[in-house]
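Taking it in order: structure first as structure tokens, then the write-up.
The values are calculated or read from the model by the stated rules, or taken from the named source; none is laboratory data. None of these values were measured; they are calculated from a predicted model. Note that we place each Cβ from the backbone using ideal geometry, even for glycine, and neighbour counts take in every protein chain shown.
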Amino acid sequence: MKYLLLPALAVSYRPHDSIKFSHHDFHKLLSTEAENEFHPNNPNASFLWNQAADHEWEKSESLQRRHLQQVDSNPSDFSTPFVVCSSLANSQGFHRKLEIEEHFKPKKAFPLYNKDDKSCYSIHATHSTATAAPASLTVHPFTPSMKLPKNSLSSIVKDVTNNAESIQMNLCKTHAITYESRVQFSNKLSQEVNDLFEEDSSSHRTLVESDLHQHTSNNLFSGILSSNTSECAKQLEYLRFAAAKEFEYVYVDGVSLAFSSPVHEQCLISLFAFLATRNEICSLSPKPRMQLRNAEAQWIVQSGSPNSRPFWE
């Protein structure tokens, strides 16, 4: 691989106005594990939220520095996920999206929130593009907890068999946009998960731990990789990584088979921690075991009131 020596980037790792996007703002957009990590009742929530954001800004800057030294580097290889909001007055979501995509190219904004006050999208962008965004836009990096549905980790620990038969990973819009590239990425993930749980792979585990802000590691992914990793490695034969043919996501099946025993709880949490730190992944969620719920569907359709089934429909 060829390398190109470049001078240091003459930019701050975080735009000065990114602080204006608070954890209260984000909780109004999406219901995620960030609400548990930065709970509104925690008096230090704002401070910890800003620290976690700074951690992600530093990571995105460091990633760009490393990749810019490579002559054949592709911007999608050093892009990271961001929340971008526009509060353009007297405008519809479409016009706000145009404002966002005018700066963030290619035009791959994924909608998160759209109301009169503002419109927000997820964007996969380089550090330099994100920091150069116009003042009219609010830009904030995704942290690992912002990628996970609220209470998802507690639900899988409580009952992985029913609550996490598989894991779906939604890829950021500029990454793996073809089926072939998604297959390639899923194969890469499979290999990296195997590397993660190898007994002699302390360097891989150290990288995951460094990717997590200390508060995130202690409060959301407590004890990751502290268990016997050889026991985790034995269960990997049940996992099957694959790519969706028509949609921009990859998934891993066999999760409940691999980690159904309570002794594998930390293996399961470690897997989620690893996936949540990946820059190519904008969100991920456990997929529950499919069950027939015809009895519930009856009263939902007929009346909308629990267990109320009128004679007429």
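Here are some notes:
- Residue list for region 274-296, filter: more than 10 Å from the chain's Cα centre (by Cα) and small (G, A, S): A295
- I100 vs. criteria touching a residue at least 24 places away in the same chain (Cβ under 8 Å) and part of a helix (DSSP H, G or I): yes
- The criterion of at least 1 residues that are over 18 Å from the mean Cα position of the chain (by Cα) is met by the following strands (runs of 3 or more DSSP E) wholly inside region 103-188: 110-114, 119-125, 137-141.
- Among the residues of this structure, E56 counts as one that is buried (at least 17 other Cβ atoms within 10 Å of the Cβ) and either under 23 Å from S283 (Cβ atoms) or among the charged types (D, E, K, R) (or both).
- Verdict on A45 being in contact with a Phe, Trp or Tyr (Cβ under 7 Å, 6 or more places away or on another chain) and surrounded by 16 or more Cβ atoms within 10 Å (Cβ to Cβ): yes
- Residue match in region 51-58 (condition: under 30 Å from I156 (Cα atoms), of a type in the set (A, V, I, L, M, F, W, C) and over 20 Å from the mean Cα position of the chain (by Cα)): no
- Some residue of region 178-194 being modelled with pLDDT under 90 and in contact with an Asp or Glu (Cβ under 7 Å, 6 or more places away or on another chain): no
- Restricted to region 90-145, and to residues there that are of a type in the set (A, V, I, L, M), over 20 Å from A276 (Cα atoms) and in contact with a Cys (Cβ under 9 Å, 6 or more places away or on another chain), the residue that is surrounded by the fewest Cβ atoms within 10 Å (Cβ to Cβ) is L137.
- Within the set L225, L236, L207, the sole residue that is modelled with pLDDT under 85, aliphatic (A, V, I, L, M), surrounded by fewer than 20 Cβ atoms within 10 Å (Cβ to Cβ) and assigned by TED's automatic domain parsing to the domain that holds L271 turns out to be L207.
Here's the yes/no breakdown for (1) surrounded by fewer than 21 Cβ atoms within 10 Å (Cβ to Cβ); (2) in contact with a strand residue (DSSP E or B) (Cβ under 9 Å, 6 or more places away or on another chain):
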site	(1), (2)
K150	yes, yes
K158	yes, no
N162	yes, no
S166	yes, yes
M169	no, yes
T178	yes, no
Q184	yes, yes
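- When the residues of region 68-83 are filtered to those that are crowded, with 16+ Cβ neighbours inside 10 Å and over 19 Å from T138 (Cα atoms), the one that is modelled with the highest pLDDT is F78.
- For region 252-301, a residue qualifies if it is assigned to a strand (DSSP E or B) and surrounded by fewer than 20 Cβ atoms within 10 Å (Cβ to Cβ), and the qualifying residues are D253, S285, K287.
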